[in-house]
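Q: Encoded as structure tokens, here's the structure I'll be asking about.
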Amino acid sequence: MQNVIIFGASGHGSVVLDCLEKEGKYNVIGFVDSYRVKGYIVNGYQVLGSEFDLPYLINRFNIEGGIVAIGDNWTRKLIVDKISKIIPGFNFINAIHPSAKLGKDVSLGCGNVIMPGVIINSNSLIHDFCIVNSNSILEHDSVMGSYASLAPATCCGGNVILGKFSSICLGVNIVNGIEIGQHTVIGAGSLVVDHFGDNVIAYGSPARIVRQRTIGEPYLSTPKKKQLSKLESFKEIESNLSI
Amino acid sequence: MQNVIIFGASGHGSVVLDCLEKEGKYNVIGFVDSYRVKGYIVNGYQVLGSEFDLPYLINRFNIEGGIVAIGDNWTRKLIVDKISKIIPGFNFINAIHPSAKLGKDVSLGCGNVIMPGVIINSNSLIHDFCIVNSNSILEHDSVMGSYASLAPATCCGGNVILGKFSSICLGVNIVNGIEIGQHTVIGAGSLVVDHFGDNVIAYGSPARIVRQRTIGEPYLSTPKKKQLSKLESFKEIESNLSI
Amino acid sequence: MQNVIIFGASGHGSVVLDCLEKEGKYNVIGFVDSYRVKGYIVNGYQVLGSEFDLPYLINRFNIEGGIVAIGDNWTRKLIVDKISKIIPGFNFINAIHPSAKLGKDVSLGCGNVIMPGVIINSNSLIHDFCIVNSNSILEHDSVMGSYASLAPATCCGGNVILGKFSSICLGVNIVNGIEIGQHTVIGAGSLVVDHFGDNVIAYGSPARIVRQRTIGEPYLSTPKKKQLSKLESFKEIESNLSI
């Protein structure tokens with residue numbers, strides 16, 4: 001079994017770890033993350049250092065590959081580029097949860113994350129560094145460009161084309177035959193019945209263009225915490241949840 | 001294998017039975033239900049009596065545990081309380097369909113029902129007596145308080161906190177980082193992009209508060225039958241469905 | 001293993017092929033399709049001819065059954081009728097992906113397609129020639145009339161009755177206890193909280209009747225291609241997608 005590392009020790013990284021462990025094809029050595037101190041433990045695995053420690057780590061742990069576990073499509077690309085610069089020809093593996101169902105003649109590039117419960121039906125093509133998140137569906141004869149992502153519980157009908165870097169947010173449904181350009185974001189819960197071009201944010205049922213979008217603009221915003229008195233409210237939630 | 005009983009012989013009870021049979025960890029002895037006559041057969045298993053027959057049944061059938069299969073969150077609590085009063089320290093088991101995918105370091109309390117196709121991703125925590133229904137998703141680092149429920153085809157993004165007794169109805173999507181209080185109901189098909197406090201009913205896309213809600217108020221309403229001439233319409237449906 | 005053929009060599013046919021291969025119960029001999037030239041190869045299998053070649057093909061390849069892989073509910077019926085006329089008593093098989101979860105005492109007629117990730121819960125009944133598409137859910141105690149269909153990522157709650165030939169489009173959610181008549185279409189992404197009669201098109205959240213519908217009227221429309229200069233746009237998409 002090849003020794004591999006996971007770039008990114010966030011919640012998404014923990015799910016990628018789970019996929020790799022359950023897949024049972026690689027031996028995970030640990031995480032690489034510039035935002036965590038070396039030695040920090042995530043789900044029983046150490047943060048071994050940052051990307052700049054790669055040459056040392058590869059040698060020290062006999063690393064033969066890895067995967068970038070970063071949810072934001074553009075940031076993921078920047079990290080892939082950085083790694084490729086430090087270690088030209090680095091081996092980016094796919095992480096495929098064993099419960100994912102890949103149909104007949106489905107093709108995958110490299111560096112993709114295929115989460116639990118995913119369905120990719122016959123003849124579909126997923127390029128490189130995509131995320132296909134929990135229980136999402138890419139129906140037959142569809143294409144995902146590199147660095148595109150399907151959030152949990154999304155569904156793309158047959159013959160859908162999704163351009164590079166585009167992000168389909170949680171719970172979106174896209175009917176058969178739709179084409180979506182590059183760097184476009186479809187907001188959570190939307191129904192897509194029209195084509196969309198490049199660099200737009202669209203949402204609603206049916207989804208409409210809300211505004212233009214610049215390349216690399218963040219889209220995975222976290223909702224503001226409740227506007228209650230801060231510490232108290234958190235304690236309150238904790239005590240509410242206690243059994 | 002421990003002998004167990006199922007409290008509640010409704011349609012939901014039949015699905016819980018199916019989970020337990022497929023899980024293969026327990027030996028189901030039968031149902032306990034106060035609304036059915038003793039001896040009534042459900043999916044090949046007898047209704048053995050009501051909660052008040054428990055002391056006898058436990059002795060007679062060597063019962064070592066059980067699970068409450070009641071869909072309404074508050075009613076489920078009342079039955080759990082009643083059982084715990086009759087048999088202090090009763091062993092409430094989890095029923096987990098073998099197709100459910102539980103991620104790395106997921107924690108479950110007791111008395112939970114985890115239905116087919118469910119995904120619970122890494123580091124999430126489910127307290128006691130929850131229902132996580134068919135194909136629903138609880139993403140990484142999320143928490144469900146006791147007696148909360150996710151209906152079929154719901155999706156909670158990462159870092160979602162769901163308070164005790166709250167009910168997320170069929171097909172709801174909740175984006176990352178949302179907090180929902182106790183005893184709150186999110187109506188079917190909603191998209192949740194804001195936090196919600198305790199004791200409210202909210203729905204829509206995006207979900208908005210519709211009104212306050214009293215604790216224990218029923219929420220699993222059954223639609224009225226079609227307003228056609230009664231018997232005829234039913235016969236019509238039957239004949240329409242006949243092959 | 002029985003030798004079988006698939007009627008319809010479209011994208012849907014490729015998914016049905018995948019189901020049959022993974023199910024491992026039948027030996028697929030090839031496709032029958034009047035719109036493809038004989039000898040045309042789909043996922044490694046030949047188009048052997050049209051329905052009118054059946055008597056010869058059955059004899060030549062020792063065919064013992066088959067399945068109609070046509071997405072449109074009414075067209076599927078016309079083909080079933082045509083086959084039954086040419087070969088009275090033809091053996092229409094079910095195709096059930098091994099990842100589908102069928103609950104306790106679920107009944108299936110014949111000629112049904114049950115796609116990957118599907119959940120059919122306890123005591124539900126599916127008549128003949130239905131499609132239950134990827135990750136869709138038919139909850140407990142529900143009924144699908146013959147030639148009805150659930151598109152990918154749909155969810156029917158418990159005690160739902162779906163009439164013959166009715167089509168539930170992609171991503172639709174239907175709450176518990178709903179009855180839907182025959183030949184009715186519920187548009188993509190809808191939330192259904194009311195009963196619907198026969199021969200209507202309804203959609204929205206909540207779904208409302210939009211207009212009447214004639215029997216056999218097509219409903220699986222393909223969106224128009226983008227209004228860019230034709231060849232250029234396709235090349236552009238291709239180059240956008242190239243790695």
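Values quoted throughout were computed directly from the atomic coordinates according to the rules given, and no laboratory measurement underlies them. Keep in mind it's a predicted model, so treat the numbers as computed, not measured. Don't worry about glycine lacking a Cβ; one is built from the backbone with ideal geometry, like all the others, and counts go over all protein chains shown.
Q: For A:Ile87, place a label point 7 Å from Cα along the Cα-to-Cβ direction in every copy; what are the distances to the other copies, in nm, shortest first?
A: For A:Ile87, the inter-copy label distances come out at 5.5, 5.6 nm.
Q: Among C:188-194, B:16-22, A:156-162, what's the highest-first ranking by average C-beta atoms within 10 angstrom per residue?
A: Values: C:188-194: 24.9, B:16-22: 23.3, A:156-162: 26.9.
Going by the mean number of other Cβ atoms within 10 Å, highest first, we get A:156-162, C:188-194, B:16-22.
Q: To one decimal in nm, how far is C:Asp53 from the same spot in the other copies, if labels go 7 Å from Cα toward Cβ? Please give the shortest first.
A: Spacings between copies for this position, smallest first, are 6.4, 6.4 nm.
Q: Continuing with the same structure: Can you compute the equivalent ellipsoid semi-axes for the range A:63-180, i.e. the square root of 5 times each eigenvalue of the Cα gyration tensor, sorted largest first and rounded to whole Å? Walk me through the intermediate numbers first.
A: Working: eigenvalues 110, 42, 31 Å².
Equivalent ellipsoid semi-axes, largest first: 23, 14, 12 Å.
Q: If the cut-off is a Cα-Cα distance under 13 Å, which aspartates and glutamates reach C:Lys38, setting aside same-chain residues fewer than 8 apart in sequence?
A: Of all the aspartates and glutamates, those that pass the test against C:Lys38 - Cα under 13 Å, at least 8 places apart if same chain - are C:Glu51, C:Asp53.
Q: Run through the other copies and list how far each one's label point is from that of A:Pro218, in nm with one decimal, shortest first; the point sits 7 Å from Cα along Cα-Cβ.
A: Taking the point 7 Å beyond Cα along Cα→Cβ, the inter-copy spacings are 4.7, 4.7 nm.
Q: Follow-up. Specify the residue with the greatest mean-square fluctuation among C:Gly89, C:Gly65, C:Gly49, computed from a Gaussian network of chain C linking alpha-carbon atoms under 10 Å apart.
A: C:Gly89
Q: Of the DSSP beta bridges with both residues in chain A, give the percent that are antiparallel, rounding to the nearest 5.
A: Values: 7 of 52 bridges.
Roughly 15 percent of the beta bridges in chain A run antiparallel, per DSSP.
Q: Sticking with this structure for a sec: Quick one: P(r) of the protein assembly as shown from all Cα-Cα pairs, 10 Å bins, percents rounded to integers, in order of increasing distance.
A: Answer for the protein assembly as shown: a P(r) of 3, 15, 24, 26, 20, 10, 3, 0 percent.
Q: Hey, another quick one. Let me make sure I get this right: for chain C, a, b and c are the square roots of the gyration tensor eigenvalues over alpha carbons, sorted descending. Under 1.5 in a/c it's rounded, otherwise prolate if a/b > b/c, else oblate. Which is it? Working shown, then result.
A: On the way: a/c = 1.66, a/b = 1.17, b/c = 1.42.
Taking the square roots of the gyration eigenvalues as a ≥ b ≥ c, chain C is oblate.
Q: Using +1 at the Cβ of each Lys and Arg and -1 at the Cβ of each Asp and Glu in the protein assembly as shown, identify which of B:Gly145, C:Val175, B:Val68 lies farthest towards the dipole's positive end.
A: C:Val175
Q: In addition: Only counting other Cβ atoms within 10 Å, I'd like C:Met144, B:Met1 sorted with the fewest neighbours first. Before the final figure, lay out each step's value.
A: Details: C:Met144 31, B:Met1 9.
So the residues, fewest neighbours to most, are B:Met1, C:Met144.
Q: Can you sort C:Glu179, C:Glu139 by how many other beta carbons sit within 10 Å, fewest first?
A: Details: C:Glu179 21, C:Glu139 31.
In order of increasing Cβ crowding within 10 Å: C:Glu179, C:Glu139.
Q: To the nearest 20 debye, what is the magnitude of the charge dipole of the range B:80-195 about its Cα centre, counting +1 on the Cβ of each Lys and Arg and -1 on the Cβ of each Asp and Glu?
A: Numbers: 5 positive and 7 negative charges, 66 e Å.
Its charge dipole is roughly 320 debye.
Q: While we're on this one: When N counts the residues of the range A:141-196, how does its alpha-carbon radius of gyration compare numerically with 2.2 N^0.38 Å, as a ratio? Intermediate results must be reported in sequence, preceding the final value.
A: Details: Rg = 9.5 Å, N = 56, 2.2 N^0.38 = 10.2 Å.
Cα-based Rg divided by the globular estimate yields 0.93.
Q: Among C:Ile131, C:Ile87, which comes first, second and so on when ranked by fewest other beta-carbon atoms within 10 Å? Don't skip to the answer; put the middle values down first.
A: Details: C:Ile131 30, C:Ile87 16.
So the ranking, lowest neighbour count to highest, is C:Ile87, C:Ile131.
Q: Test of understanding: express the Cα radius of gyration of the range B:56-102 as a ratio to 2.2 N^0.38 Å, with N the residue count. Spell out each step's value before the answer.
A: Values: Rg = 12.7 Å, N = 47, 2.2 N^0.38 = 9.5 Å.
Normalised Cα radius of gyration, the range B:56-102: 1.34.
Q: Per 10 Å bin, what percent of the C-alpha pairs of the range A:1-126 does each bin hold, from zero upward?
A: Result returned by the calculation: 13, 46, 32, 8, 1.
Q: Also: Find the relative contact order for chain A and round it to a whole percent, using C-alpha pairs within less than 8 Å whose residues are 6+ positions apart. Walk me through the intermediate numbers first.
A: On the way: 636 pairs, mean separation 25.0, N = 243.
Computed value for chain A: 10 percent relative contact order.
Q: Compute from the Cα atoms of the range B:92-150 the Rg and the Dmax, the latter being the longest Cα-Cα distance, and quote both in angstrom.
A: Values for the range B:92-150 (Cα only, Rg and Dmax): 9.7, 25 Å.
Q: Now a separate question. Based on the alpha-carbon gyration tensor of the range B:111-207 and its eigenvalue square roots a ≥ b ≥ c, which shape applies: rounded if a/c is under 1.5, prolate if not and a/b is larger than b/c, or oblate? Mind showing how you got there, number by number?
A: Working: a/c = 1.35, a/b = 1.27, b/c = 1.06.
Note, shape of the range B:111-207 comes out rounded.
Q: For peptide B:129-135, what's the mean number of Cβ atoms from other chains within 10 Å of each residue's Cβ?
A: 4
Q: Taking 21 Å as the cut-off for C-alpha to C-alpha distance, list the pairs among B:Lys22/C:Lys104; A:Lys22/B:Lys101; C:Lys22/C:Lys101; B:Lys25/B:Lys164; A:Lys25/B:Lys101 that go past it.
A: Details: B:Lys22/C:Lys104 9 Å; A:Lys22/B:Lys101 10 Å; C:Lys22/C:Lys101 14 Å; B:Lys25/B:Lys164 28 Å; A:Lys25/B:Lys101 18 Å.
Violating the 21 Å Cα-Cα cut-off are B:Lys25/B:Lys164.
Q: Further question on the same structure: Over 18 Å apart: what share of the alpha carbon pairs of the range B:1-74 falls there, rounded to a whole percent?
A: On the way: 823 of 2701 pairs.
In whole percent, the long-distance tail amounts to 30.
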